[in-house]
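As structure tokens, the structure follows; a few thoughts come after it.
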Amino acid sequence: MKGILKVLALAVAGVLWPVGVAAGQDAGDGRRGGEVQLLLNGAFDSRPGELIDIDVRGVAERVAVRVVSPAFDRPVELTPYAPRTPGEGRGHHARPAVSATARPGSHPLTVEAGGRVVAEDRVEVGPARRPRFTVASPGGPLRPGQRLWMAYDDLYPGETGTAFSVRSSAFRASVSLAHDPGGPDWNNPRLFAGSAELPPALEDGTYRVVLTGPGGRAIDERPLTVRAARPGDRDYLGRARGPALFGGPAAPGPDAARVYGHAVAAGGTVHVLWQDEAPDAGEEERLRATSPAFAHPVRLRRDDSKAADGQDPRYLGPARVREDLEPGRYPVTVVSHHGRVKRTGRLTVTGSGTSASVDAPSPAVLAGAGAAAVVVVTGAVLLRRRTARATARPPR
């Protein structure tokens, strides 16, 4: 199933690459220095009705540019666009759909500029597929409180309608499914997705998850098994460490975090670190750190920059220290695994302006967040290049 994974981070590097540069042709009308780049996104194993992103660079704007292929119903006129970044030339773009009558196989694609062929490539068309309703339940039964992702893919000749929803006695309310043209499944205009957070107190059992269409008509259903963690399960108590504290020159990043002894000035900022070898999947979106020293409880968010380096899952959050505090030591507490685990660290609060902490996020936190963002964006772009394929995923 494409496009259900809420967050796909790939440790890859690079940028979009040209896949159809017409080589060995003389520069002519519409050419700039003889170099034309053709970039296709989604041109591999695309089903009838899926969109293919076509970007042609290096053609002068003064000539008409079009793409011709048996994979499309008709020649596709490309729209010129201005340079998007400094140093980048003008380009031409279109996003046509694979013809509903296109046969599976490899189809030639040519780019014409001013009536001349300036680039060539191929479009790989896959077979049509019957509508499919997917309920993403990774790792077996879901835990109470865990988020469930669902999607309906009805990209198939004759299918219509956009009002799809999912109901279940396991949900607080019915969930509407919607297509996101700007999301990872932009290429499938008939991919509708949504999610629901299971109630934390949901009883163990198997529940019906029913897909409904316009007018409430039932289309399909899937079973959903819910089971709370039990003694003996790895995530019943997990293996938690923390809460540890960091921030400022003395402890600039998570690797220098300390459960005891970290100092911060009243009114300053401290960062909380929580680690767990086997976190409870049903509470990852609700972990909080509390302290009488904090202005507010702190939400701890999973740090996906450490998702593939072998370390235990960890959670981070910045806390603003109250300005009216007297110097002293204050408890910092995290309760996890639905109340079965409670751990407390200690924060030393000094007089205002005398702490080694800083108000801004530590450089390590900023660097980690920036690296994670680059990896997510780069990974998503490269994954989509030529394949436009994704799989079902749970949230981060």
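Within the stretch 37-56, residues that are within 10 Å of Ala97 (Cβ to Cβ) have Cβ atoms under 6 Å from residues that are of a type in the set (S, T, N, Q) and surrounded by 22 or more Cβ atoms within 10 Å (Cβ to Cβ) in these pairs: Glu50/Asn187; Glu50/Asn188; Leu51/Asn187, counting only partners at least 6 apart in sequence or on another chain.
Within the stretch 295-311, residues that are within 16 Å of Asp280 (Cα to Cα) and aliphatic (A, V, I, L, M) reach partners that are crowded, with 17+ Cβ neighbours inside 10 Å and modelled with pLDDT of 90 or more with beta carbons closer than 7 Å, at six or more positions or on different chains, in the pairs Leu300/Val272; Leu300/Trp274; Leu300/Leu287; Leu300/Arg288; Leu300/Ala289; Leu300/Tyr315; Leu300/Leu316; Leu300/Gly317. Pairs meeting the criteria (first residue in the stretch 91-103 and farther than 20 Å from Thr79 by Cα, second residue crowded, with 19+ Cβ neighbours inside 10 Å and among the β-branched types (Val, Ile, Thr), beta carbons under 8 Å, at least 6 apart or on different chains) are Ala102/Val125; Arg103/Val125.
Residues in the stretch 132-175 that are of a type in the set (Gly, Ala, Ser) and either crowded, with 16+ Cβ neighbours inside 10 Å or under 22 Å from the mean Cα position of the chain (by Cα) (or both): Ala136, Ser137, Gly139, Gly140, Gly145, Ala151, Ser165, Ser168, Ala170.
Taking the numbered list (1) more than 30 Å from Asp303 (Cβ to Cβ); (2) at pLDDT below 95; (3) not aliphatic (A, V, I, L, M) in turn, Asp73 passes all entries but (2). Within the stretch 119-133, take every residue that is out of contact with any Asp or Glu (no Cβ under 7 Å at 6 or more places or on another chain) and assigned to a strand (DSSP E or B) and give me the one that is nearest to Leu224 (Cα to Cα). Among those residues, the one meeting the criterion is Val125. Does Ala113 fit the bill of being touching a strand residue (DSSP E or B) at 6+ places or on another chain (Cβ under 8 Å) and hydrophobic (A, V, I, L, M, F, W, C)? Considered against the rule, which asks whether it is touching a strand residue (DSSP E or B) at 6+ places or on another chain (Cβ under 8 Å) and hydrophobic (A, V, I, L, M, F, W, C), Ala113 comes out as yes. Screening the stretch 255-328 for strands (runs of 3 or more DSSP E) wholly inside it with 2 or more residues that are of a type in the set (Val, Ile, Thr) and more than 17 Å from Arg241 (Cα to Cα) returns the ranges 269-276.
Would it be correct to say that Ser195 is small (Gly, Ala, Ser), outside the structural domain of Gly49 (by TED's automatic domain parsing), surrounded by 15 or more Cβ atoms within 10 Å (Cβ to Cβ) and under 30 Å from Ile52 (Cα atoms)? Before the answer, list the steps.
Values: small (Gly, Ala, Ser): yes; outside the structural domain of Gly49 (by TED's automatic domain parsing): yes; surrounded by 15 or more Cβ atoms within 10 Å (Cβ to Cβ): yes; under 30 Å from Ile52 (Cα atoms): yes.
Taking the combined requirement at face value, the residue satisfies it.
Checking every residue in the stretch 199-209 against the condition of being in contact (Cβ under 8 Å) with a residue 40 or more places away in the chain and more than 24 Å from Ser336 (Cβ to Cβ) gives at least one match.
With the condition being in contact with a Ser or Thr (Cβ under 8 Å, 6 or more places away or on another chain) and not assigned by TED's automatic domain parsing to the domain that holds Val335, I'd like the strands (runs of 3 or more DSSP E) fully within the stretch 205-248 carrying at least 3 qualifying residues.
Details: elements: 205-212, 218-226, 240-246.
Answer list for the stretch 205-248: 205-212, 218-226.
Would you confirm whether any residue within the stretch 142-162 is touching a helix residue (DSSP H, G or I) at 6+ places or on another chain (Cβ under 8 Å), closer than 28 Å to Ile52 by Cβ and not in a helix (DSSP H, G or I)? Please lay out each step first, then the result.
So the first thing to find is which residues in the stretch 142-162 are touching a helix residue (DSSP H, G or I) at 6+ places or on another chain (Cβ under 8 Å), and the list is 143, 161.
With closer than 28 Å to Ile52 by Cβ added as a condition, the list becomes 161.
Now narrow it down to the ones that are not in a helix (DSSP H, G or I): 161.
Yes, because at least one residue in the stretch 142-162 is touching a helix residue (DSSP H, G or I) at 6+ places or on another chain (Cβ under 8 Å), closer than 28 Å to Ile52 by Cβ and not in a helix (DSSP H, G or I).
The values are calculated or read from the model by the stated rules, or taken from the named source; none is laboratory data. These figures come from a predicted structure and were not determined experimentally. Reconstructed Cβ throughout: ideal geometry from the backbone, glycine too, with neighbour counts over all protein chains shown.
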